[in-house]
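A.B. asks: For reference, the structure I am asking about is given below.
Coordinate-derived values only; no laboratory data. Just so it is clear, the model here is predicted, and its values are computed rather than measured. Note that each Cβ is placed from the backbone with ideal geometry, even for glycine, and that neighbours are counted across all protein chains shown.
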Amino acid sequence: MGRLIEVLKESRVNGRAVGQFNFSTLDQFQGIVKAAKELNAPVICGTSGGEADFFGIKEAVSMARIARERENINLFLNFDHGKDVDLLKKAVDEGYDMIHFDGSDFPFEKNIELTKEIVGYAKERGVVVEGEVSKIGGKSTVSDEKMEEVTLTSVEKVAKFVKDTGIDCIAFDVGSVHGVYKDSPKIFPERVDELLNIISCLVVLHGGSGVSESDIKTLIERGVVKINVNTELRLAWKEAIGDAFEENPKEITPYKILPLSRDAVCDTVKNKINIFNFAQKRV
Ligand code: 13P
């Protein structure tokens, strides 16, 4: 299996982005694995604090190992938006390939201090670190309200944060928030150029759901190498299960229902991988 940091760096050179797809159930995970296998693409499986708490850190690591070995795919595991340094250290110890420390709720200097601590710990163990200084708002749910107003952090402040902490990847605010809303986000791709003109780093897009295909492609051209998607997967999962029970109200056998949600997640992931320019032929 390729090393994640190399896969991300090569993505930049090749004008692609690796998708991070979040999961909290086995059928969602199976859908991501199936998509990665069918398109021969690297994937990052993400678990937020809540998702990891439900699925289990050890369980996620074991499932990732089994999937990689059996399917011969580049599958990585990221702890998404971790806010607790000790919990992230545990994820490192258990075998996550990447951790995202989200210290954006802390004052700037405290965020730097904690992020540096986690960088020191993770790097010694070969684990990739993503940091966050600009709070990326919203929640991975569907809302019929308009998107909350986005305040963008100054690019200079983000660059200073990257430099002072030594992180590999930065969760960068370019206008999107987590979740799908009544309106689409206004994206500011030029911010990626502005940041990369000041400092070299791997740029991550959060709130990938609901961002238009053309905005995604522009962001990748500018240098985004990792794109996080959650809400659209949750939605596909819910709709598939809802439809299945509507059509077969008497069905109670999980293994007859859950292949439908697995496949709905798989299709959504495949669509994203294609947009992210990462569908590859097996050689
Ligand atoms: P969405 O739920 O908007 O896809 O965002 C996911 C995300 O950024 C996870 O960190």
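A.B. asks: Can you name the condition, by its number, that Lys160 falls short on among (1) among the basic types (Lys, Arg); (2) outside any loop (DSSP other than H, G, I, E, B); (3) touching a residue at least 12 places away in the same chain (Cβ under 8 Å)?
C.D. replies: Here Lys160 clears every test but (3).
A.B. asks: Identify the single condition in (1) more than 16 Å from the ligand (Cβ to nearest atom); (2) in contact with an Asp or Glu (Cβ under 8 Å, 6 or more places away or on another chain); (3) in contact (Cβ under 8 Å) with a residue 60 or more places away in the chain that Phe245 does not satisfy, given that it satisfies every other one.
C.D. replies: Of the numbered conditions (1) more than 16 Å from the ligand (Cβ to nearest atom); (2) in contact with an Asp or Glu (Cβ under 8 Å, 6 or more places away or on another chain); (3) in contact (Cβ under 8 Å) with a residue 60 or more places away in the chain, the odd one out for Phe245 is (3).
A.B. asks: Can you find even one residue in region 140-151 that is surrounded by fewer than 21 Cβ atoms within 10 Å (Cβ to Cβ) and closer than 26 Å to Lys116 by Cα?
C.D. replies: Taking region 140-151 and keeping what is surrounded by fewer than 21 Cβ atoms within 10 Å (Cβ to Cβ), we get 141-146, 148-151.
Of the ones still in play, those that are also closer than 26 Å to Lys116 by Cα are 151.
Checking region 140-151: at least one residue is surrounded by fewer than 21 Cβ atoms within 10 Å (Cβ to Cβ) and closer than 26 Å to Lys116 by Cα.
A.B. asks: What is the one condition in (1) under 21 Å from Ala35 (Cα atoms); (2) over 16 Å from the mean Cα position of the chain (by Cα) that Asp193 does not satisfy?
C.D. replies: (1)
A.B. asks: Name the single residue that is surrounded by the most Cβ atoms within 10 Å (Cβ to Cβ) among those in region 248-270 being more than 16 Å from the ligand (Cβ to nearest atom) and hydrophobic (A, V, I, L, M, F, W, C).
C.D. replies: Cys266
A.B. asks: Sticking with this structure for a sec: Only one residue in Val155, Val129, Val204, Val177 is over 26 Å from Glu10 (Cβ atoms) and either surrounded by 19 or more Cβ atoms within 10 Å (Cβ to Cβ) or in contact with a strand residue (DSSP E or B) (Cβ under 8 Å, 6 or more places away or on another chain) (or both). Which one? Full working, then the answer.
C.D. replies: Working: Val155 fails: over 26 Å from Glu10 (Cβ atoms); Val129 fails: over 26 Å from Glu10 (Cβ atoms); Val204 fails: over 26 Å from Glu10 (Cβ atoms).
When all the criteria are applied, what remains is Val177.
A.B. asks: Now for a different question. Any idea how many residues of region 166-187 are within 11 Å of the ligand (Cβ to nearest atom), in a loop (DSSP other than H, G, I, E, B) and among the small types (Gly, Ala, Ser)?
C.D. replies: Total meeting the criteria: 1.
A.B. asks: Name the residue that is surrounded by the fewest Cβ atoms within 10 Å (Cβ to Cβ), counting only residues in region 214-237 that are of a type outside the set (Ser, Thr, Tyr) and away from the ligand (no atom under 14 Å from the Cβ).
C.D. replies: Filtering region 214-237 for residues of a type outside the set (Ser, Thr, Tyr) gives 215-217, 219-230, 232-237.
Narrowing further to those that are away from the ligand (no atom under 14 Å from the Cβ): 217, 220-223, 225.
On the way: Lys217: 16, Ile220: 25, Glu221: 13, Arg222: 17, Gly223: 20, Val225: 25.
Among those residues, the one meeting the criterion is Glu221.
A.B. asks: Let me ask something additional. How many of the residues in region 126-157 are without any contact (Cβ under 8 Å) to a residue 12 or more places away in the chain and touching a helix residue (DSSP H, G or I) at 6+ places or on another chain (Cβ under 8 Å)?
C.D. replies: 0
One line per residue, one yes/no per condition, for (1) among the charged types (D, E, K, R); (2) crowded, with 23+ Cβ neighbours inside 10 Å; (3) within 15 Å of the chain's Cα centre (by Cα):
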| position | (1), (2), (3) |
| --- | --- |
| Val18 | no, yes, yes |
| Leu26 | no, no, no |
| Gly31 | no, yes, no |
| Ala35 | no, yes, no |
| Phe54 | no, no, no |
| Ser62 | no, no, no |
| Phe79 | no, yes, yes |
| Gly82 | no, yes, yes |
